[in-house]
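Colleague: Pasting a structure here, questions to come.
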Ligand code: BV8
Ligand code: ZN
């Protein structure tokens, strides 16, 4: 591990962006591994408002399968891995003003590893939103258990519930907060993301324009690998603990 990128100055301010790759070793398939497919549907054809308007049951089946895998898959239970836990150690040492975590993932593994105030720019599997009154609630219960079950409805009004997830063509959450943290970060670190989906994939160029030091951690080189100052290849459950331990051992 070259020393160059394991020393953080005392006033370092980090923005960390994670993608599906950090949850891969916890047993959650990445989008590329499933080459963007689910039950022979392209994700871009299921994860859209048009798909939900056309066939809400199909879209609910797609999200329920992933909700069940997170919380109810007994035989191979899905748990956070050493990569998630290394980020918790880093965030706890640096504090919220110097370490901002924004994730593209809709799973709750960062939270279950002990990470607080995670920015879920693409929403969360645990949350549902009413399509009428817009109320957002947390639930891990099984919604629409089988094909004959009715579509889940709001407790407050007759509205149909949708996943509180940002679909293709919808604007990600917290874009102002993310832009603000990016505008004054000294380090931008992207972990387990292929750099394909925008606007998340554009954060690296923004950080470079800011003159921040940029680091990429991924199993395979992402599309934008040439834009990183440092690229560390390998599984996050190994590369992240190694890097975080090196950084924390050098920080006073
Ligand atoms: C928007 C929630 C307007 C849903 C998601 C044409 C060209 C360019 C852009 C577009 C275009 N047409 C349309 C667009 C815009 C579109 C887009 O970017 N499309 C892509 C397909 C080209 N974007 C949008 O629609 C966005 N909205 O643009 O609105 C706007 C925006 C701003 C301001 C004004 C207006 C909304 C996009 C959000 C969609 N929702 N998620 C759900 O989960 O069901 S996206 C979803 O896919 C994820 O959240 C994530 O963002 C993306 C998957 O990417 P990754 O996380 O990177 O995962 P991937 O599998 O690709 O890669 C895994 C990586 O991990 C690999 O590098 C691999 O090597 C590595 N890895 C694997 N194992 C490990 C590992 N690394 C370490 N350790 C391991 N063990
Ligand atoms: Zn409602």
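The values are calculated or read from the model by the stated rules, or taken from the named source; none is laboratory data. If you're wondering where the values come from, they're calculated on a predicted model, not measured in any experiment. All Cβ positions, glycine included, derive from the backbone under ideal geometry; neighbour counts span all protein chains shown.
Each row is one residue, and each column tells you yes or no for (1) surrounded by fewer than 19 Cβ atoms within 10 Å (Cβ to Cβ); (2) within 16 Å of ligand 2 (Cβ to nearest atom); (3) more than 15 Å from the chain's Cα centre (by Cα); (4) part of a helix (DSSP H, G or I).
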residue: 34; (1), (2), (3), (4): yes, no, yes, no
residue: 83; (1), (2), (3), (4): no, no, no, yes
residue: 101; (1), (2), (3), (4): no, no, no, no
residue: 106; (1), (2), (3), (4): no, no, no, no
residue: 110; (1), (2), (3), (4): no, no, no, yes
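Colleague: Which residues, counting only those in the range 227-243, are within 18 Å of residue 193 (Cβ to Cβ) and in a helix (DSSP H, G or I)? Steps first, answer last, please.
Modeller: The first filter runs over the range 227-243 and keeps only residues within 18 Å of residue 193 (Cβ to Cβ), leaving 227-240, 243.
Across the range 227-243, the qualifying residues are 227, 236, 237, 238, 239, 240, 243.
Colleague: Please work out which residue is surrounded by the most Cβ atoms within 10 Å (Cβ to Cβ), limiting yourself to the range 37-50 and to residues that are at negative phi and away from ligand 1 (no atom under 11 Å from the Cβ). Reasoning before the result, please.
Modeller: Going residue by residue through the range 37-50, those that are at negative phi are 37-38, 41-50.
Of the ones still in play, those that are also away from ligand 1 (no atom under 11 Å from the Cβ) are 37, 41, 45, 50.
Working: 37: 13, 41: 17, 45: 15, 50: 11.
Across the range 37-50, the extreme among qualifying residues is 41.
Colleague: In the range 125-168, how many residues are under 23 Å from the mean Cα position of the chain (by Cα) and either within 16 Å of ligand 2 (Cβ to nearest atom) or without any contact (Cβ under 8 Å) to a residue 60 or more places away in the chain (or both)? Give the derivation first.
Modeller: Taking the range 125-168 as the starting set, the residues that turn out to be under 23 Å from the mean Cα position of the chain (by Cα) are 125-130, 134-143, 161-168.
Still in the list and also either within 16 Å of ligand 2 (Cβ to nearest atom) or without any contact (Cβ under 8 Å) to a residue 60 or more places away in the chain (or both): 126-130, 134-139, 141, 143, 161-164, 166.
Residues flagged as under 23 Å from the mean Cα position of the chain (by Cα) and either within 16 Å of ligand 2 (Cβ to nearest atom) or without any contact (Cβ under 8 Å) to a residue 60 or more places away in the chain (or both) within the range 125-168 amount to 18.
Colleague: Further, regarding this structure: For residues that are free of Cβ contacts under 8 Å to residues at least 40 places away in the same chain and assigned to a helix (DSSP H, G or I), scanning just the range 62-81, find the one that is surrounded by the fewest Cβ atoms within 10 Å (Cβ to Cβ).
Modeller: Only one residue tops the list, namely 65.
Colleague: Under 7 Å between Cβ atoms, which residue pairs at least 6 apart in sequence (or on different chains) link something in the range 8-19 that is under 14 Å from residue 174 (Cβ atoms) with a partner that is part of a loop (DSSP other than H, G, I, E, B) and modelled with pLDDT of 90 or more?
Modeller: As it stands, the answer is 15/185; 17/193, since those pairs meet every condition given.
Colleague: Let me ask something else. Residues of the range 195-215 being buried (at least 19 other Cβ atoms within 10 Å of the Cβ) and either farther than 24 Å from residue 32 by Cβ or under 16 Å from the mean Cα position of the chain (by Cα) (or both), which ones? I'd like the intermediate steps shown before the answer.
Modeller: Quick first cut of the range 195-215, residues buried (at least 19 other Cβ atoms within 10 Å of the Cβ) only: 195, 200-201, 203-204, 207, 212-215.
Listed by number, the residues that qualify are 195, 200, 201, 203, 204, 212, 213.
Colleague: Further question on the same structure: May I ask you to say which residue of 171, 191 is touching a strand residue (DSSP E or B) at 6+ places or on another chain (Cβ under 6 Å) and more than 16 Å from ligand 2 (Cβ to nearest atom)? Lay out the reasoning, then the answer.
Modeller: Details: 171 fails: touching a strand residue (DSSP E or B) at 6+ places or on another chain (Cβ under 6 Å).
Matching residue, one of 171, 191: 191.
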